[in-house]
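Working notes for the structure below.
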Amino acid sequence: MSVTLLMAGLLASFAGCEKGPTESTELREEQGDGLDEFGLPELPKREVARDSGKLSDNEKEETEENPSELITRIFPIPSGLITRKSAREILESYGIEFGEGSSATYNPQSNEITVRQTREQMSLVEAVLSVRYPSGTKAINSRIEIYEFPSASALKLQQSAEDQSDNSREWEETLRRVKEGTATFITSATVLSRSGRRAGVQDTFEVIYAEDFDQQNAEESKSVIPDFSTQNVGTALEVEPVIGGDGETIDINLSLEYHTSPPTKETVNMAVPGTEKAFDVLTPVFHAKKITTQLTLMDGEVKLIGAWRPTGKLEFETRDVMQVAFLKVDIQTTSKPH
C-alpha cells in the first residue's frame, strides 16, 4: 500500500468520514500554504531534528534523496501521553511498516519519540504524530453548574444518573427543564488548568465575625476583646485534573463549597475564659454545602456529583426543593505559534 493511500485512510478515520485523495488535494488548495501533500499542517523539521535541530548532511540534499534510505528524527509530544503501548506499536497500528534497521522509542524523561525510518515511511510518521499528538499545550476546562428542582424531580434525576458513567443525558434533560420553567439555573463556576496542576476559582464575599474571647485579653484589659475569624461566602471550586495516557481520560480531584444563602444570624452566649463573664454575641450561621471527591471521566463527559436541600431562606422552608451539581470536563489544546 502506498504512503498516499495510507494517509487518505488515516485522515478519513480522524475526520469521521471517508475522504479520497482528490478531496484532500481540494482541501489543501482551499486552505493555502502551510499544508503538506496530505492536507495536514507541515511539521517544522528543524524543531524535531536531533539536538540543535539541524538536518543531517544527507537530509539537506532533498533533491537527491533515496526513499529507502534510513534517517532519524526526534518528535516532542505532550507529557504522559504514552503509557500502555510502545511508540512502535502505536505507529504500527496506523499502518507504518518497520523494516530492517527501523525503530521507534519513547523517552519519558524528555517526552520525545525517536524514530529511525525510511524517508518514505518518515513522511507518514510525521503525519500520524502531528494528528495524534498535536503541538501545543493541553489544558482541562472544569465547569460546575448548579440547578434547583422540585424534590421529586431531583430524586428521579439522581436515580437515572446512578446507572450511567456519563450523565450528559441528565444534563441535557436539566437544560430542557430550565427552558420549560420546571427547573432553575442557580450558578456556575469554571476554571482552566494544566494537567497535574491544582487550580481554583472563587465567587465569594468575606464575612468577619467574633468566634471566641482571648483569655489574655480578658485578664489584662478592662474591656474584653473578642477573637475574630473570617469566612468566605459564595461559590468556591478547586480542582486537580490529570490527563491519562490515552489523551482522553481525566482523573480529577475536586472540592466544591457552595452557600445556598447569605449567612443568617443568631445570638450565642459566650463565656470569657478564666473569668465569670459571659456575653450575648450576634454570630452568623453559614449555610455551606461541601463536596470533596475523586472521579474519572472521559473528555467531554458530564457527571452529576451531588445534591442537597438548600437552607437559609424562608422560601426553602415552605418549598420542597433540592439543588443538584453537575461537573463537565473538556480537554483544550492551545496551539503554539510557528
Picked from the stretch 170-210 (must be of a type in the set (Lys, Arg) and at pLDDT 95 or above), the residue surrounded by the most Cβ atoms within 10 Å (Cβ to Cβ) is Arg177
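When the stretch 286-336 is examined, which residues are found to be surrounded by fewer than 13 Cβ atoms within 10 Å (Cβ to Cβ), over 17 Å from Ala189 (Cα atoms) and of a type in the set (Val, Ile, Thr)? Talk me through it step by step, then tell me what you get.
The first filter runs over the stretch 286-336 and keeps only residues surrounded by fewer than 13 Cβ atoms within 10 Å (Cβ to Cβ), leaving 290, 292, 294, 314-315, 317-320, 332, 334-336.
Subsequent filtering for residues that are over 17 Å from Ala189 (Cα atoms) retains 294, 314-315, 317-320, 332, 334-336.
Thr318, Thr334 - these are the residues of the stretch 286-336 that are surrounded by fewer than 13 Cβ atoms within 10 Å (Cβ to Cβ), over 17 Å from Ala189 (Cα atoms) and of a type in the set (Val, Ile, Thr).
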Can you confirm whether Thr63 is more than 26 Å from the chain's Cα centre (by Cα), outside any loop (DSSP other than H, G, I, E, B), at pLDDT 90 or above and over 28 Å from Arg197 (Cβ atoms)? no
Looking at Val201, Val178, which one is touching a Ser or Thr at 6+ places or on another chain (Cβ under 8 Å) and assigned to a helix (DSSP H, G or I)? Val178
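Got a sec? Which strands (runs of 3 or more DSSP E) wholly within the stretch 264-317 have at least 1 residues that are within 19 Å of Leu155 (Cα to Cα) and in contact (Cβ under 8 Å) with a residue 40 or more places away in the chain? Please lay out each step first, then the result.
Details: elements: 264-271, 278-285, 288-298, 302-308.
The strands (runs of 3 or more DSSP E) meeting that bar are 302-308.
Given Ser123, Ser153, Ser130, which one is part of a helix (DSSP H, G or I), without any contact (Cβ under 8 Å) to a residue 40 or more places away in the chain and hydroxyl-bearing (Ser, Thr, Tyr)? Before you say what the answer is, go through the steps one by one.
Values: Ser123 fails: without any contact (Cβ under 8 Å) to a residue 40 or more places away in the chain; Ser130 fails: without any contact (Cβ under 8 Å) to a residue 40 or more places away in the chain.
The unique qualifying residue is Ser153.
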Is it true that Ile90 is outside the structural domain of Pro67 (by TED's automatic domain parsing) and among the hydrophobic types (A, V, I, L, M, F, W, C)? no
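The values are calculated or read from the model by the stated rules, or taken from the named source; none is laboratory data. This one's a predicted model, so the numbers in the text were calculated from it and none came from an experiment. Neighbour counts are summed over all protein chains in view; Cβ atoms, including those assigned to glycine, are modelled from backbone coordinates with ideal geometry.
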